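Shown next, in structure tokens, is the structure this report addresses.
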Amino acid sequence: MRKTALAGFAAAFLLPTFAFAQQVSQERIVAGLGKLQGAAPIVDVELLRQEAMNGSGKEMSGLPNWSKVARLPQMVVEIAFANDSIAIEPESYRTLGMIADALHHPNLWAYKFLVVGHTSSTGSDQHNLELSQQRAEAIKEILSTTFAVDAGRLYTVGVGEYFPIDGSNAKAADNRRVQLYNLGVFTKKQ
């Protein structure tokens, strides 16, 4: 049953970094997240959170720890949430299923990943930071409980509205997204 649900995910949207939506396959997710070139930088998730909170109005790549993350393989994923909520819309489960299949792929099973939540600017800064963190955690929860991705392989951080794709329209739906980064940290296969 899981394979059937996951196969339908191909109709969902995955975005290469800051590009328009396109249809992709599990193979493209694996290839995109697996392109780790050289040794990955050591990333402190708590420092990323602090920089996100203090980095309003700055480019993500200009912040010291986020500049490290920017060099890692990543995918930008469109996940539909209910308005101002962490409830994931049913049509996004296909997307999550394909991501889970990719994370179970032999080329990626040993890596850890950072799930970064984003929001548009329709709420207050503090509300958007909290909502984006909760959404990133909701993605982690679904991947680990529904799709059996080891929760120890997933880290979360919410950045609110601070790093928009569409900077000219901070309220744009494109800014509501989730990014996945391959942290390049190996885990032991159980």
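Report yes if Lys189 is at pLDDT below 85 and out of contact with any Lys or Arg (no Cβ under 9 Å at 6 or more places or on another chain), otherwise no. Don't jump to the end; show me each part of the working.
Numbers: at pLDDT below 85: yes; out of contact with any Lys or Arg (no Cβ under 9 Å at 6 or more places or on another chain): yes.
Yes, satisfied.
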**OP:** Only residues that are open to solvent by less than 50 Å² (accessible area, probe 1.4 Å), closer than 20 Å to Leu72 by Cα and assigned to a helix (DSSP H, G or I): list them for segment 102-138, please.
**Re:** Ala102, Leu103, Ala136
Subject >> Among the candidates Val149, Val157, residue that is at pLDDT 90 or above, buried (at least 21 other Cβ atoms within 10 Å of the Cβ), farther than 19 Å from Trp66 by Cα and touching a Lys or Arg at 6+ places or on another chain (Cβ under 9 Å) >> reply: Val149
**OP:** Report the residue count in segment 74-98 for those that are in contact (Cβ under 8 Å) with a residue 12 or more places away in the chain and in a helix (DSSP H, G or I).
**Re:** 8
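The values are calculated or read from the model by the stated rules, or taken from the named source; none is laboratory data. All values reported here derive from a predicted model rather than from experimental measurement. Positions of Cβ are generated from backbone atoms using ideal geometry, with glycine treated the same way; all protein chains shown enter the neighbour counts. Just so you know, the surface numbers come from the protein's heavy atoms only, side chains and all, with ligands and any DNA or RNA stripped out. Shrake-Rupley method; radii C 1.70, N 1.55, O 1.52, S 1.80 Å.
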